[in-house]
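The values are calculated or read from the model by the stated rules, or taken from the named source; none is laboratory data. Owing to the predicted nature of the structure, the values given are computational and were not obtained by experimental measurement. Reconstructed Cβ throughout: ideal geometry from the backbone, glycine too, with neighbour counts over all protein chains shown. We work out accessible area using only protein heavy atoms, side chains counted, and drop any ligands, DNA or RNA first. Shrake-Rupley method; radii C 1.70, N 1.55, O 1.52, S 1.80 Å.
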Amino acid sequence: MKLRLGTRASRLARWQADWIAARLKELDCQVEMVPLRTEGDRRTEGPIGAIGTQGVFTKELQRALLERRIDLAVHSLKDLSTELVAGLVLAATPRRGPTADCLVAREADSFDGLPEGAIVGTGSLRRKTQLLYRRPDLDVRDIRGNVETRLEKCRRGEYDAIVLAEAGLVRLELAEAITDRFAPETLLSAVGQGALGVEARADDTDCLAVLARLNDPHTRAAVVAERTMMARLEGGCLAPIGAWGRVDESGRLLLTGRVMSLDGRTKLDATETGTPEEAESLGRQVADKLAGQGAETLIHAARELEKQIRSRSTRPFEK
């Protein structure tokens, strides 16, 4: 069986695509790589919210799928909207990589070791608000670009430190750059962080049958719980929302969700436990507990901020 695999051209995206291709070749599939550029790749300056709300790294791949130019697309699952496109399905979620966020610092030896007023770079409201909750003295600024570009900006002294996903650094063999790993209590990861999502057409039964063999059941349960929580909160991928689903040694599925205020002063947490088969129900339960604490007000404020950022952008964005 021959499959055309769509991928973004960044080094990390190619690593992800190559990893999936290698697994498919083990299943006796021939794989043709089809590189594609997304809106997020083309526009690398300014806040990510100025481009659009969701899909800036996925829409071109999804369009290629629907137009049958490719047979499957590989995404960082945290980039994939919880609102799936009609005609497409999340066909596979292979075993998850590290979920933590990491600090890369020029001089400090830990997060707590950063000097007062240190400039920290991140393109994520989720990270920014949680950092400020722990260290309100920090000067947290926006940063864009791929992993290598961000590391170089830090080395040049534009930032005292930056925050990146551990999974990306490990996959690019850049783990030696890590200064400190954040515990979930300090910085809860993004929905789907560390996981890959393989998307395909819902009517492509032959392709779906092959991709199903790449699924990891524990990963699937964890990310379904996280994504259900996000969808119920109607948070969107740019809201200051964190989640961590995991299956423990006893086989129980745990889900922790977090919603932050934009100023980093308010933190709402909720945790529930169930079975992997109850992943969707668990996601709804955690979302409802957060909503009961006032999460909707915080998420609404994040949406309003995003609208303001987009209105200040002088270039059109992809809808």
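Remarks
- Helix 125-134 axis, angle to the chain major axis (alpha carbon atoms, nearest 10°): 40 degrees
- Over the chain, accessible surface divided per residue gives 45 Å², non-protein components excluded, 1.4 Å probe.
- Percent carbon-and-sulfur accessible area, segment 183-295, ignoring ligands, DNA and RNA, probe 1.4 Å: 46 percent
- Accessible area of segment 59-178 belonging to carbon and sulfur atoms, whole % at 1.4 Å probe: 44 percent
- Relative contact order, percent, the chain [alpha-carbon distance under 8 Å, six or more residues apart]: 21 percent
- Global form of segment 207-265, assessed from the alpha-carbon gyration tensor, a/c cut-off 1.5: oblate
- Residues whose placed amide H lies under 5 Å from that of residue 275, excluding near-sequence neighbours: 253
- 23 Å Cα-Cα reach of residue 153 towards lysines, excluding residues that sit fewer than 8 places from it in its own chain: 128
- Each label point was placed 7 Å from the Cα along the Cα-to-Cβ direction; for residue 141 and residue 109 their separation is 2.7 nm.
- Annotation: lysines with alpha-carbon distance below 24 angstrom to residue 59 (same-chain offsets under eight excluded): 2, 78, 307, 319.
- Spacing of the modelled spin labels on residue 205 and residue 307, each 7 Å from Cα toward Cβ, amounts to 4.6 nm.
- Once the Cα atoms are used to define both axes, helix 279-292 deviates from the longest principal axis of the chain by about 30 degrees.
- Remark: the residue 26-residue 300 segment gains 94.0 nm on full extension, using 0.36 nm per residue and subtracting the alpha carbon distance.
- Taking the chain as a Gaussian network of alpha-carbon nodes connected by springs under 10 Å, the highest mean-square fluctuation of the residues 60, 199, 278 belongs to 278.
- Near the amide H of residue 165, within less than 5 Å, lie the amide hydrogens of 102, all on another chain or at least 5 residues away, with H placed in the peptide plane.
- Cα centroid of segment 1-40 to Cα centroid of segment 210-265, whole Å: 25 Å
- DSSP-defined antiparallel bridges as percent of all bridges, the chain, nearest 5: 70 percent
- The charge dipole of the chain, taken about its Cα centre with unit charges on the Cβ atoms of Lys, Arg (+1), Asp and Glu (-1) only, comes to about 840 debye.
- Of the GluC sites (Glu not before Pro) found in segment 100-161, those in coil by DSSP whose Cβ has at most 16 other Cβ atoms within 10 Å are 107, 116, 158.
- The packing ranking, built from the mean of other Cβ atoms within 10 Å per residue, places the peptides 253-263, 213-223, 289-299 in the order 253-263, 213-223, 289-299, highest first.
- Rounded if a/c under 1.5, otherwise prolate or oblate - segment 181-319, Cα gyration tensor axes: oblate
- Degrees, to the nearest 10: 295-312 long Cα axis against longest axis of the chain: 90 degrees
- Calculated from the structure at hand, log10 I(q)/I(0) by the Debye sum over Cα atoms at q = 0.08, 0.10 Å⁻¹ is found among (i) -0.35, -0.56; (ii) -0.42, -0.64; (iii) -0.59, -0.74 as (i).
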